[in-house]
Amino acid sequence: MTQKSSTIWGGRFDARPDDLMEQINASIDIDRRLYAQDIAGSKAHARMLCACGILSTPDEQAIQSGLDQILGEITSGQFTFRRDLEDIHMNIETRLKDLIGEAAGRLHTARSRNDQVATDFRLWVREACEVLKTHMNGLMDTLARLSGEHEHTVMPGFTHLQVAQPVTLGRHLDAYVQMLTRDLSRLDDCRKRLNECPLGAAALAGTPYPINRVMTAQELGFDRPMPNTMDAVSARDFATEFLFVCAQAGLHLSRLAEEIILWTTPQFGFLRLADQWSTGSSIMPQKKNPDAAELIRAKTGRLNGNLIQLMTVLKALPLTYNKDMQEDKACVFESFDTLVLCLCAMNGMMATATWHKDTMRKAAETGYATATALADWLVMTLHMPFRDAHHVTGRIVKLAESKACRLDELSLDELQSIEKRISIDVYSVIRLK
Ligand code: ARG
């Protein structure tokens, strides 16, 4: 008889898995990131088993101290992760057996890896929401500060990327603060919805032991146990929701990144990135490239991809746990890491950029940005129907265009040649403030 693979589940097996089977089955290289959550979940489970009289006090104490030691070994880099032990759960349980012997085997009473991994993963995503919120707040603080500083900095506002109406840089930047405020509230929602505890669902059908699910839920900071044991082990919508929030926030960052890329071109010249946030070209000595902004724009691809990846894995999966679901973590970890990096880089870039107010103002003076204000003046002062005011303004724009001048450079006579009731007051709206 060949060596059995797993002392954990190998009872009915005569042969160890093929090397490739082991390779496709193992998740330890990815899910080792769940070690702290796995240990916290096991400690809470052991306390509950003891409180319910399912585990003796000496066994429980041995488990607690063994798990504490393992936590120390992992955080100090001394722990050896083994691929033949598949995943983080079995790596930790096997080490616990080395350390405390038989009592380790009692930890898995009234539990399955299915409710265990669902619990660990929820704890991890919950923490990830908090970390992302901190970084989002950091960027929002920078943008809000800049927005306040540029409350009166005039720039062109664009639609279709054509000059539309004058706005302030303050308002433009505040638009991003608003987007991030919504992203933050989406993270709050996600965190709130995921905060239910799967423990006690066991494999799928619950467990015959007299356990206390409310206790484990409370110990781990969950609001309540999940009411349906089958849902508890098979639900992953908390992960897709998290991935969506990451993708949406990344999408917002990509829009700001795109504007930075445009605005740092010599053609726009609205802002200049600090040297620390730019790169050079290996051939063109004059170049200063906004690479960080370009990469933030590009990382949206990963964030969107990760959302689609997990939704595709989960689509049409029958209840309850399927091994497909092991593919749920890499994408979540990657989206988290990517978004943290993008938020920090965007913050650094924005905090150190120099804004060219004169260039922005000049740009707002081109493109007849005050034409809408003129039409509104005709409506409010002369009581013209808006459509007529629009038409009259169009003719005035055409006149300015033929003279290659700005609207406020037309004389009153010239303006009156198109609409005789226009008065000198009109200059207060067609001239930039
Ligand atoms: N590594 C597994 C995962 O991440 C843990 C759950 C395994 N459950 C099982 N029934 N094989 O999904």
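The values are calculated or read from the model by the stated rules, or taken from the named source; none is laboratory data. Every value quoted in this text rests on a predicted model; they were computed, and no experiment measured them. Reconstructed Cβ throughout: ideal geometry from the backbone, glycine too, with neighbour counts over all protein chains shown.
Number of residues in the stretch 6-32 that are surrounded by fewer than 17 Cβ atoms within 10 Å (Cβ to Cβ) and either among the charged types (D, E, K, R) or touching a helix residue (DSSP H, G or I) at 6+ places or on another chain (Cβ under 6 Å) (or both) equals 9. For the stretch 86-118, a residue qualifies if it is more than 11 Å from the ligand (Cβ to nearest atom), buried (at least 20 other Cβ atoms within 10 Å of the Cβ) and closer than 24 Å to residue 328 by Cα, and the qualifying residues are 92, 93, 111.
Restricting attention to the stretch 119-130, the residues being of a type in the set (D, E, K, R) and within 11 Å of the ligand (Cβ to nearest atom) number 1. Cβ-Cβ distances below 6 Å connect no pair with a first residue in the stretch 156-167 that is surrounded by 16 or more Cβ atoms within 10 Å (Cβ to Cβ) and of a type in the set (Lys, Arg), a second residue that is assigned to a strand (DSSP E or B) and modelled with pLDDT of 95 or more, and a separation of six or more residues or different chains.
Quickly run through the stretch 306-331 and pick out the residues that are free of Cβ contacts under 8 Å to residues at least 24 places away in the same chain, more than 16 Å from the ligand (Cβ to nearest atom) and not in a loop (DSSP other than H, G, I, E, B). Within the stretch 306-331, 308, 312 meet the criteria. Identify, please: which residue in the stretch 243-291 is of a type in the set (S, T, N, Q) and assigned to a helix (DSSP H, G or I) and is, among those, farthest from residue 191 (Cα to Cα)? Among those residues, the one meeting the criterion is 276. Scanning the stretch 327-354 for residues that are surrounded by fewer than 17 Cβ atoms within 10 Å (Cβ to Cβ), touching a Lys or Arg at 6+ places or on another chain (Cβ under 8 Å) and over 28 Å from residue 125 (Cβ atoms) gives a single hit, 354. Report yes if residue 295 is in contact (Cβ under 8 Å) with a residue 40 or more places away in the chain and within 16 Å of the ligand (Cβ to nearest atom), otherwise no. Judged against the criteria, residue 295 is not a match.
Looking across the stretch 222-267, the residues that are among the charged types (D, E, K, R) and closer than 29 Å to residue 201 by Cβ come down to 223, 224, 231, 236, 237, 241. Just checking, does the stretch 177-186 include any residue being under 29 Å from residue 373 (Cβ atoms) and of a type in the set (A, V, I, L, M)? Yes, some residue in the stretch 177-186 is under 29 Å from residue 373 (Cβ atoms) and of a type in the set (A, V, I, L, M).
Per-residue answers, yes or no, for (1) among the polar types (S, T, N, Q); (2) closer than 25 Å to residue 323 by Cα; (3) surrounded by 17 or more Cβ atoms within 10 Å (Cβ to Cβ); (4) modelled with pLDDT of 95 or more:
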| residue | (1), (2), (3), (4) |
| --- | --- |
| 200 | no, yes, yes, yes |
| 204 | no, yes, yes, yes |
| 223 | no, no, no, yes |
| 280 | no, no, no, no |
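Among the residues making up the stretch 357-376, a single one is crowded, with 18+ Cβ neighbours inside 10 Å and of a type in the set (D, E, K, R): 365. Residues of the stretch 263-275 that are touching a residue at least 40 places away in the same chain (Cβ under 8 Å) and either surrounded by 19 or more Cβ atoms within 10 Å (Cβ to Cβ) or under 25 Å from the mean Cα position of the chain (by Cα) (or both): 270, 271, 273. Could you go through the stretch 164-179 and let me know if any residue there is under 30 Å from residue 227 (Cα atoms), out of contact with any Ser or Thr (no Cβ under 7 Å at 6 or more places or on another chain) and either part of a helix (DSSP H, G or I) or away from the ligand (no atom under 16 Å from the Cβ) (or both). Among the residues of the stretch 164-179, not one is under 30 Å from residue 227 (Cα atoms), out of contact with any Ser or Thr (no Cβ under 7 Å at 6 or more places or on another chain) and either part of a helix (DSSP H, G or I) or away from the ligand (no atom under 16 Å from the Cβ) (or both), which makes the answer no.
Being within 27 Å of the chain's Cα centre (by Cα) and crowded, with 20+ Cβ neighbours inside 10 Å: is that true of residue 415 here? Criteria not met by residue 415.
The conditions of being closer than 18 Å to residue 202 by Cα, assigned to a helix (DSSP H, G or I), touching a residue at least 40 places away in the same chain (Cβ under 8 Å) and out of contact with any Lys or Arg (no Cβ under 6 Å at 6 or more places or on another chain) are met by residue 49.
So which residues in the stretch 385-403 are assigned to a loop (DSSP other than H, G, I, E, B) and closer than 17 Å to residue 417 by Cβ, if there are any at all? The answer is 403, and nothing else.
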